[in-house]
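Have a look at the structure below before the remarks.
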2 protein chains.
Amino acid sequence: MAILALHGGAGGDGEWRGMSDLDPDRLVCMQTILNDLGPRLESGDLTALEAVTLAVEALEDEPLYNAGRGSVLAEDERIYMDASIMRGEDQAAGSVVNVERMRHPIRAANLLLKKGWPVMLNAGAADQFAHTNQLEHVDQTWLKTDLRTAQWNKWKSQNSRPGSTDEDDSAVLDHDLDSEEQEGMGTVGAVALDAHGHLAAATSTGGMTGKPVGRIGDTPIIGAGTWCDQTVAVSCTGVGEAFIRTCAAHELAVQFRQPDTSLLEASHRVLEMVNPMGGRGGLIAVSADGQVVMPFQTMLMYRGLWHNGALTTGIGEEIYSE
Amino acid sequence: MAILALHGGAGGDGEWRGMSDLDPDRLVCMQTILNDLGPRLESGDLTALEAVTLAVEALEDEPLYNAGRGSVLAEDERIYMDASIMRGEDQAAGSVVNVERMRHPIRAANLLLKKGWPVMLNAGAADQFAHTNQLEHVDQTWLKTDLRTAQWNKWKSQNSRPGSTDEDDSAVLDHDLDSEEQEGMGTVGAVALDAHGHLAAATSTGGMTGKPVGRIGDTPIIGAGTWCDQTVAVSCTGVGEAFIRTCAAHELAVQFRQPDTSLLEASHRVLEMVNPMGGRGGLIAVSADGQVVMPFQTMLMYRGLWHNGALTTGIGEEIYSE
């Protein structure tokens, strides 16, 4: 048995209105990743840790997702990326915060995990750590895309500034949504169960369009955006602050410890706890006993799943629900 | 009923050998805080949130604790401070990471909490946020003390660099300990239950002597170093990475949810989960039903408690154990 699940962010209000022009490219990206990594995970060639790292690297490289190249621009028109990763067997973890000059933040987080100490490394020091360890160094020009610059210009002209109840990761880039929702959906994540029964989880993001410089969301926070232990692997997406204030990813593991609780029941309980904090969003999770869930409370969540040889992708609820 | 509990860091191996020359000053600081704030908390003049903020501000001002003025020096001989705070009623939270130029990091975290968004603010942006909001701006020269410079010089001459199993917050400054343990004990924290039955928790630190620039420990991480909900308030101290990898503060709240579990049982379970990650340390916690605990697994933990009018302080286990 082997499972690899991906998300590309949750966002939007109301009913899903079908695919946008860019959605086929987003789904093809997920299909390519799953077709490449799924069989290798199943055969035992890839550990869960390496599978989620490679999957998130590929999502970071896809400019239509808000992570790595194609990250959204902060209020100062620069890109600040966050990523974290965790391994189930030993709860080893790695995280980079507000990095600006690396191609693959998740690989730097993976390297911190493997080195063992420290778990979290910040900003310029993390960029330097990546560079020193021969991870690919890039500049902001390479990371930025025309789409994100256009979104930033629109944000700037509206002079919008998110308040405590506004949405993070809630823009659906090319769907017809309210402007306040067009600010940076597309956080990416992966969870995996490998052929040896081991779990891993990884999450990476550029945050939200126009975010204040220095804002840290839930993505690099172990327990909030990412969690993995011997029982369950979790990656979240949504209004970051609400996921921090509920310790959402860890809370899912905790809920799942309850007797006679399915992973789906546990995940719905968590989203119900996040919601009152202004935190609509979604998550993906896989358990050591082979349950996998991808619930969300928004209009849509980009999802991909490789489950024992079967590949599925989805965006709106009607395509694919648990 | 009102309770205010403080810690000033946990550290050291083996049996406690009695007070050092500086310990009376440390305890006097706690006694002054508790004598000032305890009655105001009991009378209803102070909320739990304001009490833990004022308490931690006073601990930040005491140069013998490793937070605010008197913080330990990082590898580049500069001070980088972390702090976080959380309120029980609504799980509102605030956190500042790697700040360098404010007198009271906990006040900046408090202000973020009150503003409501974002929860976490990083480095220079957080320093600027504090300055813009008229919080006291200081320079590194003011924050540094001769004691911390001497400790840094000793660290530098030994060229020691902590590995994954070494201790954080584990130096006992003027006790006769191994050199690897002399690197920065003294993280401070406070938890409170106010006359209205509300809870709050706060934690602040300078990290560890010689820490890599950019390292983020558990102190600013909601769920790891600090947690508060309607049931329990928690502040942790110890090897930060182990507290992150176990989501220790949130885990305590979770364990305490179990039927027929005392706060002390729950806290011991958490420290037993932290320990295998290389994470000896301690924590303080208070519950809405009036339980208060201050367990630690190290040689000592500086502790102060104001509990319904009675004031107690302690360092080693024999003086004061739960």
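Here are some notes:
- Restricting segment A:272-308 to residues that are free of Cβ contacts under 8 Å to residues at least 40 places away in the same chain and more than 16 Å from the chain's Cα centre (by Cα) leaves a set whose member that is surrounded by the most Cβ atoms within 10 Å (Cβ to Cβ) is A:VAL274.
- Looking across segment A:244-290, just one residue is part of a loop (DSSP other than H, G, I, E, B) and aliphatic (A, V, I, L, M), and that is A:ALA288.
- Of all residues in segment A:245-271 being charged (D, E, K, R) and surrounded by fewer than 23 Cβ atoms within 10 Å (Cβ to Cβ), the one that is farthest from A:ASP218 (Cα to Cα): A:ASP260
- The residues of segment B:242-276 that are more than 12 Å from chain A (Cβ to nearest Cβ) and either aliphatic (A, V, I, L, M) or under 18 Å from A:GLY225 (Cα atoms) (or both), listed by number, are B:LEU263, B:LEU264, B:ALA266, B:VAL270, B:LEU271.
- Conditions (1) on the phi < 0 side of the Ramachandran plot; (2) away from chain A (no Cβ under 12 Å); (3) surrounded by fewer than 24 Cβ atoms within 10 Å (Cβ to Cβ): number failed by B:GLN134: (1)
- Filtered by the rule that a residue be in a loop (DSSP other than H, G, I, E, B) and among the polar types (S, T, N, Q), segment A:199-243 gives A:THR209, A:THR219, A:GLN230, A:THR231.
- Elements of type helices (runs of 4 or more DSSP H) in segment A:89-196, at least 1 residues being more than 30 Å from A:ALA2 (Cβ to Cβ), modelled with pLDDT of 95 or more and in contact with a strand residue (DSSP E or B) (Cβ under 6 Å, 6 or more places away or on another chain): A:123-132
- Filtering A:ALA2, A:ALA55 for residues that are touching a strand residue (DSSP E or B) at 6+ places or on another chain (Cβ under 8 Å) and farther than 19 Å from A:LEU111 by Cβ leaves a single hit, A:ALA2.
- Evaluation of B:PRO276 against (1) at pLDDT below 95; (2) more than 29 Å from A:VAL270 (Cα to Cα) (one fails), failing number: (2)
- Segment B:95-131, subset closer than 23 Å to B:ALA51 by Cα and facing another protein chain (nearest Cβ under 7 Å), residue surrounded by the fewest Cβ atoms within 10 Å (Cβ to Cβ): B:GLY116
- Residue-level check: of (1) in a loop (DSSP other than H, G, I, E, B); (2) away from chain B (no Cβ under 14 Å), A:THR53 misses just (1).
- Tally of residues being within 14 Å of another protein chain (Cβ to nearest Cβ) and under 19 Å from the mean Cα position of the chain (by Cα) across segment B:56-75: 1
- Of the residues making up segment B:289-300, one or more are modelled with pLDDT of 95 or more and farther than 29 Å from B:PRO24 by Cα.
Conditions (1) without any contact (Cβ under 8 Å) to a residue 60 or more places away in the chain; (2) touching a His at 6+ places or on another chain (Cβ under 8 Å), marked per residue:
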| position | (1), (2) |
| --- | --- |
| A:GLY12 | no, yes |
| A:TRP16 | no, no |
| A:ASP23 | no, no |
| A:ARG26 | no, no |
| A:GLN31 | no, no |
| A:ASP36 | yes, no |
| A:THR53 | no, no |
| A:TYR80 | no, no |
| A:ALA108 | yes, no |
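- Residue tally, condition out of contact with any helix residue (DSSP H, G or I) (no Cβ under 6 Å at 6 or more places or on another chain) and of a type in the set (Phe, Trp, Tyr), over segment B:62-97: 1
- Whichever residue in segment A:228-241 is more than 9 Å from chain B (Cβ to nearest Cβ) and among the small types (Gly, Ala, Ser) and, among such residues, is farthest from the chain's Cα centre (by Cα): A:ALA233
- One residue from A:GLU60, A:GLU42 being of a type outside the set (Ser, Thr, Tyr), closer than 16 Å to A:TYR302 by Cα and outside any loop (DSSP other than H, G, I, E, B): A:GLU60
- Check on A:THR231, surrounded by 23 or more Cβ atoms within 10 Å (Cβ to Cβ) and either at positive phi or not aliphatic (A, V, I, L, M) (or both): no
- Beta carbons closer than 6 Å, at least 6 apart along the sequence or on distinct chains, pair a first residue in segment B:195-209 that is over 22 Å from B:PRO39 (Cα atoms) with a second that is among the acidic types (Asp, Glu) and not in a strand (DSSP E or B) for B:SER204/B:GLU60; B:MET208/B:ASP168; B:MET208/B:GLU183; B:THR209/B:GLU183.
- Qualifying position, being surrounded by fewer than 20 Cβ atoms within 10 Å (Cβ to Cβ) and either touching a Pro at 6+ places or on another chain (Cβ under 7 Å) or within 14 Å of chain A (Cβ to nearest Cβ) (or both), among B:ARG87, B:ARG78: B:ARG78
- Test: residue in segment A:269-284 that is among the acidic types (Asp, Glu), closer than 25 Å to B:PRO118 by Cα and out of contact with any strand residue (DSSP E or B) (no Cβ under 6 Å at 6 or more places or on another chain): yes
The values are calculated or read from the model by the stated rules, or taken from the named source; none is laboratory data. Remember, predicted model here, so these are calculated numbers, not experimental data. All Cβ positions, even for glycine, are placed from backbone atoms using ideal geometry, and neighbour counts span all protein chains on display.
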